[in-house]
1. Kindly indicate the residue of segment 13-59 that is acidic (Asp, Glu) and touching a Gly at 6+ places or on another chain (Cβ under 7 Å) and also farthest from ILE3 (Cα to Cα) among those meeting that condition.
2. It is to be established whether one or more residues within segment 60-71 are touching a residue at least 12 places away in the same chain (Cβ under 8 Å), touching a strand residue (DSSP E or B) at 6+ places or on another chain (Cβ under 8 Å), surrounded by fewer than 18 Cβ atoms within 10 Å (Cβ to Cβ) and farther than 17 Å from VAL8 by Cβ.
3. Can you report the number of residues in segment 72-93 which are in a loop (DSSP other than H, G, I, E, B) and buried (at least 18 other Cβ atoms within 10 Å of the Cβ)?
4. Taking the options LYS11, LYS35, LYS79, name whichever one is in contact with a Pro (Cβ under 8 Å, 6 or more places away or on another chain) and either basic (Lys, Arg) or at pLDDT below 95 (or both).
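The values are calculated or read from the model by the stated rules, or taken from the named source; none is laboratory data. Given the structure is predicted, the values throughout are model-derived calculations rather than measurements. Positions of Cβ are backbone-derived with ideal geometry, glycine not excepted, and every protein chain shown enters the neighbour counts.
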Amino acid sequence: MTITVNDVPEKHRYEATDADGTVYGHVEYIRADSKITFTHTEVDPAAEGQGIGSTLARAVLDQARADGIAVRPICPFIKGWIARHPDYSDLVR
């Protein structure tokens, strides 16, 4: 399955979708000034174990890096993902 991650600003979240537009997961956020706070991550239980959460985490953190903004990970999943991938720890400020 090919997953694409897109920002859906009107919902204040990034969504992981397949080619048909089916949403398999999302990361909710609050964006203010030069910081983005990730508040919640959810993956469809039927799609768990397929790497969708990791795909979401990497995509949202890569986007924060590209935008030059700091990250505040209050979501336990994103916080844990950063802990396991220390090359993203520089984003947390």
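1. Step one: of segment 13-59, the residues acidic (Asp, Glu) are 15, 18, 20, 28, 33, 42, 44, 48.
If we keep only those that are touching a Gly at 6+ places or on another chain (Cβ under 7 Å) as well, we get 42, 44.
On the way: GLU42: 15, ASP44: 13 Å.
Of everything passing the filter in segment 13-59, GLU42 is farthest from ILE3 (Cα to Cα).
2. Yes, segment 60-71 contains at least one residue that is touching a residue at least 12 places away in the same chain (Cβ under 8 Å), touching a strand residue (DSSP E or B) at 6+ places or on another chain (Cβ under 8 Å), surrounded by fewer than 18 Cβ atoms within 10 Å (Cβ to Cβ) and farther than 17 Å from VAL8 by Cβ.
3. Matching residues across segment 72-93 total 1.
4. LYS79
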